[in-house]
């Protein structure tokens, strides 16, 4: 099995990078949709439009991309010679990815709140939360590239 993972490494890495890009695009965009939804959805038609955009972004792009990211990422973890668990960087990357996954699920819960009309988060709070994925991206990329 490890020989197969080593042979597939370039493909696995490529698919991992592509799925991360798709996931991150959604992670960056969904909170911005929430900001505009909270601040500008003043009628039922606008509210329905935002709900449709948020639902499709989460269900059709973000969820599949996050699952693919995890699958290809775990394949990389189990590829011989790729991860040295004696170093710090795999642990900081893992912490960043787990936190990013938590944020993804937090966004999913906020989407359900908006759809149910029970949202309690302000546009300003969504703007502030929108900074979290940027900080996590910096941590994850520096962990992998610089290997600190």
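The values are calculated or read from the model by the stated rules, or taken from the named source; none is laboratory data. It should be emphasised that the depicted structure is a prediction, and the values quoted were computed from it without experimental measurement. Glycine also receives a Cβ, built like all others from the backbone with ideal geometry; neighbour counts cover every protein chain displayed.
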Are any residues in segment 79-99 touching a residue at least 40 places away in the same chain (Cβ under 8 Å) and in contact with a helix residue (DSSP H, G or I) (Cβ under 6 Å, 6 or more places away or on another chain), and if so, which ones?
79, 80, 82, 89, 92, 93, 96
Any residue at all in segment 11-20 that's within 26 Å of residue 130 (Cβ to Cβ), surrounded by fewer than 13 Cβ atoms within 10 Å (Cβ to Cβ) and free of Cβ contacts under 8 Å to residues at least 60 places away in the same chain?
yes
Scan segment 40-58 for residues that are closer than 20 Å to residue 129 by Cβ and exposed (fewer than 13 other Cβ atoms within 10 Å of the Cβ) and jot them down.
40
Right, residue 100: buried (at least 17 other Cβ atoms within 10 Å of the Cβ), within 20 Å of residue 12 (Cα to Cα) and modelled with pLDDT of 95 or more or not?
no
How many residues are in contact with a helix residue (DSSP H, G or I) (Cβ under 8 Å, 6 or more places away or on another chain), without any contact (Cβ under 8 Å) to a residue 60 or more places away in the chain and closer than 19 Å to residue 55 by Cβ when one looks only at segment 112-144?
0
